[in-house]
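J.: Dropping a structure here in C-alpha cells format, bear with me for questions.
The values are calculated or read from the model by the stated rules, or taken from the named source; none is laboratory data. Quick caveat: nothing in here was measured; it's all calculated off a predicted structure. Neighbour counts run over all protein chains shown; Cβ positions are idealised from the backbone, glycine included. SASA here: full protein model, heavy atoms, side chains in, ligands and nucleic acids out. Shrake-Rupley method; radii C 1.70, N 1.55, O 1.52, S 1.80 Å.
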Amino acid sequence: MLEQTPLWEPIREKLQIAADSVWGEVGPGDLVSVTVAIPDFTFRGLPDGIDDYLFLSRPSEDRYMLGCGTAAELRPSGKNRFKVLSDGVARMMKVWRQVDVDGMGFPAPAFVAFAFAPKPATRPDGSGLPDALCRIPLLTLQRDGNNRVATFSWRVSGAMRPKADITEAFRVWEETAQRLFLALRNPVPAVPCANPIERIDSEPGRDEWVARVARAIKAIHNGEIEKTVLSRRIRVSAPRRFNAARLIATLSQRFPDCVQIAYGGAHGTLVAASPERLVSLRSRHVISEALAGTLRRDPEESRDFLLGEALKHSAKDLHEHRLVVDSIVEGLSPFCQSIDRPGAPKLMRLRALQHLWTPIEARAREGVSVLDLAEGLHPTPAVGGVPRDNALAWMAGNGEQRHGWYTGGFGWIDRDGDGEISVVLRCALLQGNCAEVSAGAGIVADSDPASELEETDLKLRAMLEALEEA
C-alpha cells in the first residue's frame with residue numbers, strides 16, 4: 001500500500017466529474033486527457049526514486065515538464081522514421097479528446113525524441129534508445145511560474161465496458177500520482193556529492209580523432225565537402241551509481257539558460273543541458289537558433305570581453321556560423337511565409353564557453369507542425385555538415401558514429417502541432433556507475449586539428465565536472 005498524499009483527493013474529485021462526461025463520448029482506441037490545476041508543491045527539478053519518465057525544463061524561465069508512465073507511444077525506425085512519426089502523431093491527434101477542467105490553458109503534451117540518424121538493425125549502439133519516439137504519458141506535470149497543472153491521459157480499451165475502463169484508469173492514475181507526489185516531497189538539492197570519475201576509454205582515441213580531423217580538412221580543400229562535424233565519446237566510471245536527479249539539479253544551477261533534458265528507461269538514463277533550440281512553433285510563430293563558433297570563457301572580465309570580441313570577428317568561426325544560418329533559412333523556406341534573418345550573430349555566454357548565436361524567426365504556413373519543421377531542419381550543419389548529403393556520407397565512411405540521441409532532438413508537441421524541440425547536446429548516458437559523454441566540433445577549411453581537440457575537451461569538461469558531483 002502506497003503512502004497517501006493530500007494532493008490526490010481534490011484532484012480525484014475533478015477527474016471524476018470530467019471523466020464521467022467524456023467517457024460516454026469516446027470509442028475504443030481513443031485518447032483521453034484531463035488537465036487540472038494543482039496546489040503549490042515543490043516541482044523545480046527531477047525527483048529522485050522514479051523511473052520510466054521524460055523531463056524538460058528551462059530553469060531561467062521557471063518552466064518545467066515531467067511525464068511518467070505511458071498512455072500511448074510510437075517508436076518508428078529506419079530511414080522513413082520522420083514520415084512514420086508524423087503520420088502516426090497526426091492519427092493520434094484525431095482521436096485525442098482533451099478536457100481542461102480549470103481553464104488553465106496548458107495543452108496536453110506528447111513528448112518526442114529522435115536520434116541523429118537511424119541505427120542499423122544489425123548494429124545497435126547499446127543505448128537502448130529508439131530511432132524516434134512519441135509518447136503521451138499517463139501523468140504529466142507542468143509548471144510555468146506560479147501556475148501548475150497535472151494532465152492524466154488514458155487510451156480507451158476496446159475490450160472493456162466503459163465503466164470498467166474508467167475504473168482501471170483511475171486505479172492506474174492514482175498509483176502513478178501517489179508515487180510521483182511522494183517523490184516530489186524530497187527534492188534533491190544541487191550540492192556537491194563527491195563521486196570521483198575515472199576515464200575507462202574513448203572512441204575514437206585522441207590521436208585517431210586528430211587524424212580524422214586532418215582527413216576532413218583535406219576533403220574540404222579537395223572540394224568534396226564544405227563543412228563536417230566530428231565527435232568524441234568518453235566513457236567513465238565512478239565508485240557510486242550516478243544519480244540523475246542530482247545531476248539535473250547541478251546542471252540547472254550551472255546552466256539555467258539551457259534546456260535540461262532527462263529520459264529514464266530500462267537501459268539507462270539520458271541527461272542533457274542543451275544550449276541549442278532546433279525549432280519552436282506557437283500559433284504559427286517559428287523560432288530556430290544557429291549555434292556554431294565556440295571559444296572558451298576567462299574568469300577575468302576584461303580578458304573574457306576580448307575573447308568574445310575575437311570570436312565575433314573570427315573569419316573561420318563566422319564562416320562556420322554562416323553555413324548554419326544559411327541551412328536553417330533553406331530548411332524553413334518550404335514551410336514558412338516569411339523569415340527574419342539577423343545580419344550578424346550575437347554571443348551566447350555559458351559557464352565555460354561562449355558561442356556565436358543567431359536566433360531566426362519565421363511565420364509558418366497554415367497546417368505546418370513542429371515535426372514538419374524539425375524534419376526540414378535536421379540535421380543542421382551545427383551537428384551535420386555542408387552539403388548535407390555529401391557530409392553525412394563522408395562522416396559515415398570515416399568512422400563518425402553518434403550513440404543514443406546525441407545530436408538528435410528532444411521536445412514536445414501538442415494536439416495543434418505546436419511545440420518545441422531542442423538539439424541533444426552536452427549530454428551523458430548513465431548506466432549504473434558508468435556514464436558515456438559525447439562532444440563534437442565543426443570542421444571547416446581553416447580548422448586546426450589541435451584547436452578542435454581542445455574545443456571538444458572544453459565541451460566534455462562541462463558534463464564531466466557535473467558528473468563528479470552526481
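J.: Looking only at the stretch 90-118, how many residues end up being in a loop (DSSP other than H, G, I, E, B) and open to solvent by 40 Å² or more (accessible area, probe 1.4 Å)?
T.: 9
J.: Given the stretch 242-352, what strands (runs of 3 or more DSSP E) lie entirely inside it while holding 1 or more residues that are under 28 Å from residue 133 (Cα atoms) and open to solvent by 20 Å² or more (accessible area, probe 1.4 Å)? Can you show your working first?
T.: Numbers: elements: 259-265, 268-274, 277-282, 285-296, 336-340, 346-349.
Ranges flagged: 259-265, 268-274, 277-282, 285-296.
J.: Among the listed residues 377, 371, 353, which satisfies the condition of being touching a helix residue (DSSP H, G or I) at 6+ places or on another chain (Cβ under 7 Å) and modelled with pLDDT under 95?
T.: Numbers: 377 fails: modelled with pLDDT under 95; 371 fails: modelled with pLDDT under 95.
So the residue among 377, 371, 353 that is touching a helix residue (DSSP H, G or I) at 6+ places or on another chain (Cβ under 7 Å) and modelled with pLDDT under 95 is 353.
J.: Just checking, does the stretch 28-37 include any residue being modelled with pLDDT under 90, more than 18 Å from residue 138 (Cα to Cα) and not in a helix (DSSP H, G or I)?
T.: No, every residue in the stretch 28-37 fails to be modelled with pLDDT under 90, more than 18 Å from residue 138 (Cα to Cα) and not in a helix (DSSP H, G or I).
J.: Residues 465, 436: which one is among the acidic types (Asp, Glu), touching a Lys or Arg at 6+ places or on another chain (Cβ under 9 Å) and either surrounded by fewer than 21 Cβ atoms within 10 Å (Cβ to Cβ) or part of a loop (DSSP other than H, G, I, E, B) (or both)?
T.: Working: 436 fails: either surrounded by fewer than 21 Cβ atoms within 10 Å (Cβ to Cβ) or part of a loop (DSSP other than H, G, I, E, B) (or both).
Being among the acidic types (Asp, Glu), touching a Lys or Arg at 6+ places or on another chain (Cβ under 9 Å) and either surrounded by fewer than 21 Cβ atoms within 10 Å (Cβ to Cβ) or part of a loop (DSSP other than H, G, I, E, B) (or both) holds for just one of 465, 436, which is 465.
J.: Any residue in the stretch 49-65 that is in a loop (DSSP other than H, G, I, E, B), in contact with a Pro (Cβ under 8 Å, 6 or more places away or on another chain) and over 25 Å from residue 378 (Cα atoms)?
T.: Keep residues of the stretch 49-65 that are in a loop (DSSP other than H, G, I, E, B), which gives 49-52, 62.
With in contact with a Pro (Cβ under 8 Å, 6 or more places away or on another chain) added as a condition, the list becomes none.
Within the stretch 49-65, not a single residue is in a loop (DSSP other than H, G, I, E, B), in contact with a Pro (Cβ under 8 Å, 6 or more places away or on another chain) and over 25 Å from residue 378 (Cα atoms).
J.: Further question: Considering each of 396, 450, 441 in turn, give the residue that is touching a Ser or Thr at 6+ places or on another chain (Cβ under 8 Å), within 18 Å of residue 232 (Cα to Cα) and outside any loop (DSSP other than H, G, I, E, B). Write out each step before concluding.
T.: On the way: 396 fails: touching a Ser or Thr at 6+ places or on another chain (Cβ under 8 Å); 450 fails: touching a Ser or Thr at 6+ places or on another chain (Cβ under 8 Å).
Only one candidate qualifies: 441.
J.: Oh, and also: Restricting attention to the stretch 1-59, which residues are of a type in the set (Gly, Ala, Ser), open to solvent by 10 Å² or more (accessible area, probe 1.4 Å) and within 30 Å of the chain's Cα centre (by Cα)?
T.: Of everything in the stretch 1-59, those that are of a type in the set (Gly, Ala, Ser), open to solvent by 10 Å² or more (accessible area, probe 1.4 Å) and within 30 Å of the chain's Cα centre (by Cα) turn out to be 29, 37, 45, 49.
J.: Of all residues being within 29 Å of residue 144 (Cα to Cα) and polar (S, T, N, Q) in the stretch 64-89, which is most open to solvent (accessible area, probe 1.4 Å)? Just the residue, please.
T.: Here the answer is 70.
J.: Considering 411, 419, 442, which residue is under 23 Å from residue 245 (Cβ atoms), open to solvent by less than 10 Å² (accessible area, probe 1.4 Å), in contact (Cβ under 8 Å) with a residue 12 or more places away in the chain and in contact with a Leu (Cβ under 9 Å, 6 or more places away or on another chain)? Talk me through it step by step, then tell me what you get.
T.: Details: 419 fails: under 23 Å from residue 245 (Cβ atoms); 442 fails: under 23 Å from residue 245 (Cβ atoms).
One residue alone meets the criteria, 411.
J.: Let me ask something else about it. Would you pick out the residues in the stretch 322-372 that are more than 20 Å from the chain's Cα centre (by Cα) and among the polar types (S, T, N, Q)?
T.: Listed by number, the residues that qualify are 327, 333, 337, 338, 354.
J.: Quick one: in the stretch 230-241, of everything that is of a type outside the set (Lys, Arg) and outside any loop (DSSP other than H, G, I, E, B), which residue is most open to solvent (accessible area, probe 1.4 Å)? Break it down stepwise before answering.
T.: Initially, the stretch 230-241 is screened for residues of a type outside the set (Lys, Arg), giving 230-231, 234, 236-239.
Now restrict to residues that are outside any loop (DSSP other than H, G, I, E, B): 230-231, 234, 236-237.
Values: 230: 0, 231: 8, 234: 3, 236: 0, 237: 26 Å².
If we take residues in the stretch 230-241 being of a type outside the set (Lys, Arg) and outside any loop (DSSP other than H, G, I, E, B), then 237 is most open to solvent (accessible area, probe 1.4 Å).
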